[in-house]
Amino acid sequence: MQALIAKPRGFCAGVERAIRVVELALERYGAPVYVRKEIVHNSHVVQRLREQGAVFVDELEEVPAEAVAILSAHGSPPEVYSEARRRRLRLIDATCPLVTRVHKEVQRYVRGGYRIILIGHAGHDEVIGTMGQAPEATVLVENRDDARRLELPAGQKGVVLTQTTLSRDDTQEIVAALRARFPQLERPPSDDICYATQNRQNAVKDLAGCIDLLLVVGSQNSSNSRRLTEVAQARGVRSHLIDGPNDIDAQWLVGVTCVGVTSGASAPEDVVQAVLGRLEELGITDRQEMGAPVERVVFSLPPFTPLAKASDPLAREHSDGGGTSS
């Protein structure tokens, strides 16, 4: 059997930035630092940061007053920031800049009198944060059935925004269903779907014609990882989402000549390599990595607590960092 490895895969710029924020906070302030929700949706990343001294909480009310608190990459509703001020927390916001851009779009369109139609998955941390920007003016659409049931007042201006980690193919189908009923619905100037999400989906599409099975390395609560399995399945390729090598079922490989391997945007590369090692134990004799353009997106670090000093590694890295994309 052969393994064909997708590229690009693994960490995106927003994930790298969020993990770095927690690492630097621990370095500067010492343990514990508190993180609201999982900093990114990956069990390995969360466990490694927990071992370094990060404490993960569901809500900021669990954080001692004046402690260092970090907001996850998925974004948070406004009341979370209010709670941080009330508890005098030393807050560091690790929200991905691409998610922040969607939040600003919500705020801008609501000021213009628009109804926000958000395409996304109910209960996902990113969706909760985005809907929280203007809950009275936002309606969630998860699929084409929701699009067919949606009701808008006559003459109501509307705009369609999306969760950043969706499949563009599925999103386009839902947008088409919405516009068939409401031709006046607008779209923002730029696509909300994350560059890394789309790049990883494109890589799976390229793999699909060459493989019998796809293994996607990522945690079950990772939206972008789940979308990768769906992209493969839509093209007739069996696909499984696995957290690591121990999740591989040897029976999956029966009759398989070529296995594709990729990873979601929050999955560490060493876990991918461990998966490949397990595949070799199960009979893979050759591995090849597909060619792809190198991602050069970099996000500068967020502003940090005002209690940071000029010599603070957090403050220093923020001042040195610059946001670029390609």
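The values are calculated or read from the model by the stated rules, or taken from the named source; none is laboratory data. Source: prediction; values computed, not measured. Here the Cβ positions follow ideal geometry from the backbone for every residue, glycine too, while neighbour counts run over all protein chains shown.
Taking the criterion of being in a loop (DSSP other than H, G, I, E, B) and either closer than 20 Å to His74 by Cβ or in contact with a Ser or Thr (Cβ under 9 Å, 6 or more places away or on another chain) (or both), the residues of the stretch 212-240 that qualify are Asp212, Gly218, Ser219, Gln220, Asn221, Ser222, Ala234.
For the stretch 84-112, a residue qualifies if it is in a loop (DSSP other than H, G, I, E, B), surrounded by fewer than 16 Cβ atoms within 10 Å (Cβ to Cβ) and charged (D, E, K, R), and exactly one does: Arg88. Residues satisfying the criterion are absent from the stretch 39-54 (criterion: of a type in the set (Val, Ile, Thr), part of a strand (DSSP E or B) and touching a residue at least 24 places away in the same chain (Cβ under 8 Å)).
Okay, residues lined up against (1) farther than 18 Å from Thr100 by Cβ; (2) buried (at least 20 other Cβ atoms within 10 Å of the Cβ); (3) modelled with pLDDT of 95 or more:
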{"position": "Pro8", "(1), (2), (3)": "yes, yes, yes"}
{"position": "Arg17", "(1), (2), (3)": "no, yes, yes"}
{"position": "Glu23", "(1), (2), (3)": "yes, no, yes"}
{"position": "Arg28", "(1), (2), (3)": "yes, no, no"}
{"position": "Val40", "(1), (2), (3)": "no, yes, yes"}
{"position": "Val46", "(1), (2), (3)": "yes, yes, yes"}
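Is it true that some residue in the stretch 187-206 is more than 20 Å from the chain's Cα centre (by Cα) and under 18 Å from Ser263 (Cβ atoms)? Checked the stretch 187-206: at least one residue is more than 20 Å from the chain's Cα centre (by Cα) and under 18 Å from Ser263 (Cβ atoms). Can you find, within the stretch 281-304, the residue that is nearest to the chain's Cα centre (by Cα) among those that are part of a loop (DSSP other than H, G, I, E, B) and among the β-branched types (Val, Ile, Thr)? Within the stretch 281-304, the match that is nearest to the chain's Cα centre (by Cα) is Val297. How many of the residues making up the stretch 82-108 are farther than 23 Å from Thr162 by Cα and either in contact with a Cys (Cβ under 8 Å, 6 or more places away or on another chain) or not basic (Lys, Arg) (or both)? Qualifying residue count, the stretch 82-108: 6. Taking the condition in contact with a helix residue (DSSP H, G or I) (Cβ under 8 Å, 6 or more places away or on another chain), surrounded by fewer than 16 Cβ atoms within 10 Å (Cβ to Cβ), modelled with pLDDT of 95 or more and not assigned by TED's automatic domain parsing to the domain that holds Thr165, does Gly264 pass? No: the conditions fail for Gly264.
Listed here are the residues, each with its yes/no results for (1) in contact with a strand residue (DSSP E or B) (Cβ under 9 Å, 6 or more places away or on another chain); (2) of a type in the set (Gly, Ala, Ser); (3) outside any strand (DSSP E or B); (4) surrounded by fewer than 18 Cβ atoms within 10 Å (Cβ to Cβ).
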site: Leu152; (1), (2), (3), (4): yes, no, yes, yes
site: Gly155; (1), (2), (3), (4): no, yes, yes, yes
site: Ser190; (1), (2), (3), (4): no, yes, yes, yes
site: Gln201; (1), (2), (3), (4): no, no, yes, no
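Has the stretch 120-131 got at least one residue that is in contact with a helix residue (DSSP H, G or I) (Cβ under 7 Å, 6 or more places away or on another chain), part of a helix (DSSP H, G or I) and hydrophobic (A, V, I, L, M, F, W, C)? No, there is no match, as no residue in the stretch 120-131 is in contact with a helix residue (DSSP H, G or I) (Cβ under 7 Å, 6 or more places away or on another chain), part of a helix (DSSP H, G or I) and hydrophobic (A, V, I, L, M, F, W, C). For the subset of the stretch 67-102 comprising residues that are out of contact with any strand residue (DSSP E or B) (no Cβ under 7 Å at 6 or more places or on another chain) and among the acidic types (Asp, Glu), which member is nearest to Gln198 (Cα to Cα)? By that ranking, first place goes to Glu79.
Residue by residue, here is whether (1) among the hydrophobic types (A, V, I, L, M, F, W, C); (2) closer than 27 Å to Glu23 by Cα holds:
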{"position": "Pro78", "(1), (2)": "no, yes"}
{"position": "Leu91", "(1), (2)": "yes, yes"}
{"position": "Thr95", "(1), (2)": "no, yes"}
{"position": "Val110", "(1), (2)": "yes, no"}
{"position": "Gly129", "(1), (2)": "no, yes"}
{"position": "Gln133", "(1), (2)": "no, no"}
{"position": "Thr138", "(1), (2)": "no, no"}
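Restricting to the stretch 73-83, give me the number of residues that are hydroxyl-bearing (Ser, Thr, Tyr) and either touching a residue at least 60 places away in the same chain (Cβ under 8 Å) or surrounded by fewer than 20 Cβ atoms within 10 Å (Cβ to Cβ) (or both). Don't jump to the end; show me each part of the working.
To start, the set of residues in the stretch 73-83 that are hydroxyl-bearing (Ser, Thr, Tyr) comprises 76, 81-82.
With the extra rule that they be either touching a residue at least 60 places away in the same chain (Cβ under 8 Å) or surrounded by fewer than 20 Cβ atoms within 10 Å (Cβ to Cβ) (or both), the set shrinks to 81-82.
Final tally of qualifying residues: 2.
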